[in-house]
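The values are calculated or read from the model by the stated rules, or taken from the named source; none is laboratory data. Everything numeric in this text was worked out from a predicted model, so none of it was measured. Reconstructed Cβ throughout: ideal geometry from the backbone, glycine too, with neighbour counts over all protein chains shown.
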Amino acid sequence: MNGAVEVVRAGALTTVQDAGRIGWAHLGVPRAGALDAPARRLANRLAGNGADAAVLETTATGCAVRPDRPVVAVVGGAPCRVTVDGRPVAWGTPVRVPAGAVLDAGPAVRGLRSYLAFGGGLLPEPVLGSRSADLLSGLGPAPLRDGDVLPLGRAPAGLPGADAVPWPGAPAELVLPLHLGPRHTWFTDEALRTLTTAEYRVSAQSNRIGLRTRGPALTRAREGELPSEGMVLGAVQVPPDGRPVVFLNDHPTTGGYPVVGVVHGTALAGAAQAVPGTRVRFVRAGRDAGRLGTTPLP
């Protein structure tokens, strides 16, 4: 039995996301996919799905949906109040949602993005091998609106386990290990010291394309602009205002502003949950960089 879910409350920005549209950058197609990949994978595992099944990614205000068949659902990622037809149910563990009942994931209590996984996954039409919405190119399903209907996959056989599992906390401070280059020589030595010693803050202008920062501007050592060149996930681009921008999943595949360094993708999950005003520190990547990324809330 397949079925569908109807969007009752779309929230500020709710999109369908899976593992992303990887391998098309040479054609100018961004990767998209869930910003907090570990949260997506864990929500899917708890719902009995494969790790790459499509889920809903909410932003700040959550969303509400109504399935037309019974479904096991998991709300994870940013903690929030979860109800089924107004009755509180558990966050972060599988819950049964009867046919016609409203599953409501409320505003994030900590962090920014919650993930709703449904047994069988969501099955909007794939584009270039992915069901993910891409805000930059417009590929994939559009951001959800009230009244939208999304098809569900066949419910997995058996019931998923309901054991409690640890979810990563939202970062009180975002620590991003940085590999300098390829254009760090476009900046003064003082600017590079500033980048790796000063405190920045997450800007409210951040989105799925990039995490923008507030803080000291980086001073150029040379003038002019570059011809457009390839951009990668985690590239730290410096626009004319001098404030670093960390490229996230919907980033453009090319750009002309210099890239002072690159943050490895494994350190970016915390950026998905960093609310405006969160402290950001760039640190030189080294042997232990793989163990850095975010400092969770106690």
Query raised in the report: Restricting the search to the stretch 150-165, which residues are within 20 Å of Arg45 (Cα to Cα), at pLDDT 95 or above and surrounded by 18 or more Cβ atoms within 10 Å (Cβ to Cβ)?
Result: Leu152
Report task. State the number of residues belonging to the stretch 136-149 that are modelled with pLDDT of 95 or more and under 17 Å from Thr59 (Cβ atoms). Result -> 8
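I'd like the full set of residues that are of a type in the set (Gly, Ala, Ser) and at pLDDT 95 or above, limited to the stretch 48-83.
Going through the stretch 48-83, the residues of a type in the set (Gly, Ala, Ser) turn out to be 48, 50-51, 53-54, 60, 62, 64, 73, 76-78.
Across the stretch 48-83, the qualifying residues are Ala53, Ala54, Ala60, Gly62, Ala64, Ala73, Gly76, Gly77, Ala78.
One line per residue, one yes/no per condition, for (1) within 25 Å of Ser137 (Cβ to Cβ); (2) free of Cβ contacts under 8 Å to residues at least 40 places away in the same chain:
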site: Arg40; (1), (2): yes, no
site: Asn44; (1), (2): yes, no
site: Ala47; (1), (2): no, no
site: Gly77; (1), (2): yes, no
site: Pro88; (1), (2): no, yes
site: Thr93; (1), (2): no, no
site: Ala101; (1), (2): no, yes
site: Gly106; (1), (2): no, no
Requested in this report: Inspect the stretch 120-138 for any residue being surrounded by fewer than 21 Cβ atoms within 10 Å (Cβ to Cβ), outside any loop (DSSP other than H, G, I, E, B), assigned by TED's automatic domain parsing to the domain that holds Ala37 and not aliphatic (A, V, I, L, M) and give the result as yes or no.
Outcome: no
Query raised in the report: So, in the stretch 19-35, of the ones that are under 21 Å from Ala60 (Cβ atoms) and in contact with a Ser or Thr (Cβ under 9 Å, 6 or more places away or on another chain), which residue ends up surrounded by the fewest Cβ atoms within 10 Å (Cβ to Cβ)?
Result: Gly33
**Report entry** Selection from the stretch 232-252 of residues that are at negative phi and surrounded by fewer than 20 Cβ atoms within 10 Å (Cβ to Cβ)
**Finding:** Val232, Pro239, Pro240, Asp241, Arg243, Pro252
Requested in this report: Mind listing whichever residues of the stretch 81-101 are within 18 Å of Ala117 (Cβ to Cβ), touching a Pro at 6+ places or on another chain (Cβ under 9 Å) and not small (Gly, Ala, Ser)?
Outcome: Arg81, Val82, Val84, Trp91, Pro94, Arg96, Val97, Pro98
Report summary line: Considering the stretch 36-52, residues that are outside any helix (DSSP H, G or I) and aliphatic (A, V, I, L, M), and then whichever is surrounded by the most Cβ atoms within 10 Å (Cβ to Cβ), we arrive at Ala47
**Report entry** Wholly enclosed strands (runs of 3 or more DSSP E) of the stretch 157-250 bearing at least 2 residues of a type in the set (D, E, K, R)
**Finding:** 210-214
**Report entry** Condition check for Leu144: out of contact with any Gly (no Cβ under 6 Å at 6 or more places or on another chain) and more than 20 Å from Val5 (Cα to Cα)
**Finding:** no
Requested in this report: Would you check if there is a residue in the stretch 206-222 being within 25 Å of the chain's Cα centre (by Cα), among the polar types (S, T, N, Q) and surrounded by fewer than 20 Cβ atoms within 10 Å (Cβ to Cβ)?
Outcome: yes
Query raised in the report: If you check Thr61 against the conditions, is it crowded, with 18+ Cβ neighbours inside 10 Å and farther than 19 Å from Leu233 by Cβ?
Result: no
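What number of residues within the stretch 77-109 are closer than 20 Å to Ala155 by Cα and in a strand (DSSP E or B)?
The total comes to 5.
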